[in-house]
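Have a look at the structure below before the remarks.
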Amino acid sequence: MGNIVWLASYPKSGNTWLRAFLANLIADRAEPVPLNELQNYCDDESLPERYAAIAGKPASELDFGTIARLRPQVHAAIAAAHSRSVFVKTHNPAVYPEHDPVHNPAVTAAAICIVRNPLDVVVSMAPHFGLSIDEAIDFLGHEQAGSPNEDMFIGQWLGSWSSHVGGWAEQKFHRALVLRYEDLLDKPTKTFAKVARLVAPAADLGRVERARKHASFRSLAQLEQRDGFIERSSKAERFFRSGRSGGWRDVLTRDQATRIVARHRAQMGRFHYIPGGY
C-alpha cells in the first residue's frame, strides 16, 4: 500500500480550504498556518519541475499525452520523497476516458474529494480564470477542458464537471472520502471531523476544532489580505472571494442556471444540487 493521500477537486471547489485545515491539524499551533506555508504540509502533483526532470526538457514543451505517460513516475517520485503519509493536491479526474486510473494506484493510500455545486463553481471560476460567466459555463460542460502549461503548474486535463465528480465518487480506493463543499460550510464540526478520523484518528476534538477555526474562510481571507497568496491567479484580484453557498442566485440569469442544470442534471441530482423549479 502506498503513502499518498490525494486531495482531489474540480478547480474552485474547496481544495485550498481542505489543505489549510490539514496543515493546521498537523501543525497544531496557537496561530493559523500562513497561506504560503501550505506547501510545507501538502504536496502538489502538478509542479512542472518534476515532469521536466524526468522528461529531460522544460515542462512547457510537453504535450498532454507526454504528461499523462510521465504522471505515474512523478507520483512514484513524490511517494519516495516522503517516509510517511503525504497529502497531495490534484485537480485531475480519477480516470482517463479509457477508464485507466490517472493517479498511480501503487503509491495511493487514500483519497479525499470535495464536490461543490457547479452553479457556484461557475461564479467562482470565471474571475479566477479570466472568463465571462458564459465562457465558464461552456468550460464546465466540455469533456476536453483542461488547464495550460504554466510556470507554476503543469497542464492538467479536467474534463467536464460531471465526468470529474462522477469519476471520483465512483472510485474504489481502500480508503476514500467524498465531501460536499456545502457540508463543510453548514456542518463544519461534523464534516471536518470525518476528515480527521481518516487521516489523524488520534487527534482529539480540541485539536480538530482549533484546526477548523484556523482554516475558516474568514481566517484565510485575512491571511491573504495580510500576506498575499502565491496561488492567486494573475487574472483575479484575490483568491478567497466569498466562500459562501448559493451566491450564484445573485449572479446567474435564469437562462444561465438552466443551461448548467440541463448539462449536469444527473450528477447534480446525485449530490442534491438541483434547485427548486429547475
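Laboratory data are not the source of any read-out in this text; all were calculated from the coordinates shown. Remember, it's a predicted structure, so these values are computed and weren't measured experimentally. With ideal geometry, Cβ positions are generated from the backbone for all residues, glycine too; neighbour counts draw on all protein chains shown.
Details
- D_trans [Stokes-Einstein, Kirkwood Rh over alpha-carbon pairs] for region 96-136, 10 °C, 1.306 mPa s, µm² s⁻¹: 122
- Bridging of K187 to lysines at a Cα separation below 28 Å is possible for K12, K89, K172, K213, once same-chain residues fewer than 8 apart are set aside.
- Residue-span extension gain [S132 to R207] - 0.36 nm each, minus C-alpha spacing: 22.9 nm
- Model label sites at A106 and S216, defined 7 Å from Cα along the beta-carbon direction, differ in position by 4.6 nm.
- Gyration tensor (alpha-carbon) shape descriptor, region 1-128, a/c threshold 1.5: oblate
- For region 118-180, relative contact order (Cα pairs under 8 Å, six or more residues apart, normalised by length) works out to 21 percent.
- Maximal additional length on extending the R270-Q39 stretch stands at 79.9 nm, based on 0.36 nm per residue less the C-alpha distance.
- Take the Cα of R69, step 7 Å toward its Cβ, do the same at R244, and the gap between the two points is 5.0 nm.
- Summary value for the chain: 26 percent relative contact order, contacts being C-alpha pairs under 8 angstrom separated by 6+ residues.
- Separation in nanometres of the label points that stand 7 Å from Cα toward Cβ, at Y278 and S83: 5.0
- Gyration tensor (alpha-carbon) shape descriptor, region 90-209, a/c threshold 1.5: oblate
- Evaluated with a Cβ-only charge set (Lys, Arg +1; Asp, Glu -1), region 13-70 carries a dipole of roughly 120 debye about its Cα centre, given to the nearest 20.
- For region 1-129, the Cβ-based charge dipole about the Cα centre amounts to some 80 debye (Lys, Arg positive; Asp, Glu negative; other atoms uncharged).
- Potential extension, M152-A53 segment - 0.36 nm per residue separation minus Cα distance: 34.1 nm
- For a paramagnetic label modelled on D186 (point 7 Å from Cα along Cα→Cβ), amide N atoms under 16 Å away belong, within region 106-147, to 115-121.
- In the elastic network of the chain, a GNM with C-alpha springs shorter than 10 Å, the most mobile of R69, R212, R19 is R69.
- Under a Gaussian network description of the chain, with springs only between Cα atoms under 10 Å, the residue in H99, H164, H214 that fluctuates furthest is H99.
- Magnitude of the charge dipole for the chain, about its Cα centre and with charges confined to Cβ atoms of Lys, Arg (+1) and Asp, Glu (-1), is about 960 debye.
- Of all the options K89, K57, K12, the one that moves most in a Gaussian network model of the chain with Cα springs shorter than 10 angstrom is K57.
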